[in-house]
Structure formats: C-alpha cells, structure tokens
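I have placed the structure first, in the form of structure tokens, so that the comments after it can refer back to it.
Bear in mind that the values in this text are calculations on the coordinates, not laboratory data. Here the structure is a predicted model, which is why all the values come from computation and not from measurement. No Cβ is skipped: glycine too gets one built from the backbone with ideal geometry, and neighbour counts run over all protein chains shown.
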Amino acid sequence: RKEVEQDPGPFNVPEGATVAFNCTYSNSASQSFFWYRQDCRKEPKLLMSVYSSGNEDGRFTAQLNRASQYISLLIRDSKLSDSATYLCVVGQGGKLIFGQGTELSVKP
Amino acid sequence: GAVVSQHPSWVICKSGTSVKIECRSLDFQATTMFWYRQFPKQSLMLMATSNEGSKATYEQGVEKDKFLINHASLTLSTLTVTSAHPEDSSFYICSASPGRINQPQHFGDGTRLSIL
C-alpha cells in the first residue's frame, strides 16, 4: 500500500464546476498535511496547509480527518487557471511524502 | 516569501558525464534541504536529506556513491550525478524551509536532466 494515495484522475470539468480531491495516508503518526499544486514541467507550489479544524482560502477548502487518515480539497467555481496536478503531501519524521497527484483540467 | 533557487534549469549531456546541480536558499538559512526526483507522470520521490555540516541521509534504493550531496553552508546544497547514464534522465528538484521540520517546503525551479 502506498503511503499517500490520491484519486487517480484525470478530472475534466467545465468552468464554474465544484471539484473534490480525496487523499488517504497510511502512517497514523503523520504530523503535517498539505496540498501542493504542480503545473506541467514546473516545481510544486504550496496551495495550502491542512488542519484538523478545516481551513478555507477563497475558493479552496481543505479538511483533515485524523481518525480516518483522510484529507480532502474542494475547489469551488473552478477557473481555467486551476488546471494543474494537485499533490497531497504528508509530513512525517521530518520528511514530506507525496501522493502521485491528481490531474485537473478545467475546460471553457 | 522564502525563495529557493536551483541551477541549472536544463542539462543535456553525454553518457558518462558528471553533472552538478546547485540549490540555494536566497533569503533564509536552511540546515536541512531535500532532493527529489520526478519521472514523467509520476510523483516526487525523495532521494536524500541534505544536512549542513554532516553527511546526507539517503532513502532506500538511492545510491550514495552515484548521487553525491554536499551541504557546505547554510544556504547551499549541491547534488552531483556521477557518471550519468540515460536512465538518470529525470526532473531533479530541491526544497528547503526556513521553519521547523514538517513545515511547508519551498521548492527550487527544478533541473531537467537529459543524458544522451
């Protein structure tokens, strides 16, 4: 079993759609959780950290369920510029473990 | 915000060449930096943790004699791919953080290495 698993994707959605990404992690001792965004042939960029209380940043909402070892990212009113690969990332033992990423393509 | 610079962005060279990649933290000191490799359509895989003033910690399956890491100062880590072969062609990315461990990492722009 992979340490961090994400929806395989790709997700193809129209502009304005709401899209949800799911992620599970295997190590219950994981300490920190993030969503990163990676554009094609570019480095990952931090989208947001994820907290147990849930957090929101504009159109983006992230949630963490430690009991289920589950992380989610919700994007509302998706834009063309949201097209990218979304990486679920878990911090444990001083290292970051990356999921395989879920590709999102937002169409006009 | 924290900036990490990586150089070079692209390298194309013949098989057998050794290639050095630099990773610099521009506005903060980093006692720890990380080196990743990413093959097409795959996620980032941690290769090693670079520790300032001490030996790097390599992940299982990564040859330390093949991928030499030097972290001689608080703002610079280098990765040298020795005697590179076509199978070493990949996207190499470094990261660092000005905060404590398990904090968000800031990534360099990455180095696209192509070995002919």
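Rounded if a/c is under 1.5, else prolate if a/b beats b/c, else oblate: with a ≥ b ≥ c from the C-alpha gyration tensor eigenvalues square-rooted, which is segment B:4-46?
Judged from the Cα gyration tensor, segment B:4-46 comes out oblate (a/c at least 1.5, b/c at or above a/b).
Remark: B:W10, B:W35, A:W35 ranked as B:W10, A:W35, B:W35, counting other beta-carbon atoms within 10 Å and listing the fewest first.
Near A:G16, once Lys and Arg are set to +1 and Asp and Glu to -1 for all other residues with Cβ below 13 Å from its Cβ, the sum equals +1. Treating cross-link reach as a plain straight distance, find the lysines whose alpha-carbon is under 17 Å from the alpha-carbon of B:K14, omitting any fewer than eight places away in the same chain. Correct list for B:K14: B:K66. Taking each residue as 0.36 nm, the span from A:S53 to A:E15 lengthens on full extension beyond its C-alpha to C-alpha distance by 10.8 nm. Can you tell me the relative contact order of segment B:58-116? Whole percent, Cα pairs under 8 Å, sequence separation 6 or more. Worked out over segment B:58-116, it gives 28 percent. One compactness figure for chain A is 1.01, namely its Cα radius of gyration divided by 2.2 N^0.38 Å. Measuring r between the beta carbons of A:R41 and A:N65 and using R0 = 35 Å, the FRET efficiency lands at 0.60. Across chain B, C-alpha contacts under 8 Å between residues 6 or more apart give a mean separation that, scaled by the residue count, equals a relative contact order of 37 percent.
Taking a point 7 Å out from the Cα of B:S114 in the direction of its Cβ, the residues of segment A:41-55 whose backbone N falls within less than 17 Å of it are A:41-42. For A:K45, the lysines whose Cα comes closer than 25 Å to its Cα, not counting residues fewer than 8 places off in the same chain, are A:K2, A:K79, A:K95, A:K107, B:K20, B:K41. For chain A, the Cβ-based charge dipole about the Cα centre amounts to some 180 debye (Lys, Arg positive; Asp, Glu negative; other atoms uncharged).
Please give the net charge around B:V3, taking every other residue with its beta carbon less than 13 angstrom from that of B:V3, where Lys and Arg add +1 and Asp and Glu add -1. The partial results should precede the final answer.
Numbers: positive: A:K45, B:R24; negative: A:E43, B:D27, B:D109.
Within the 13 Å Cβ shell, the charges total -1.
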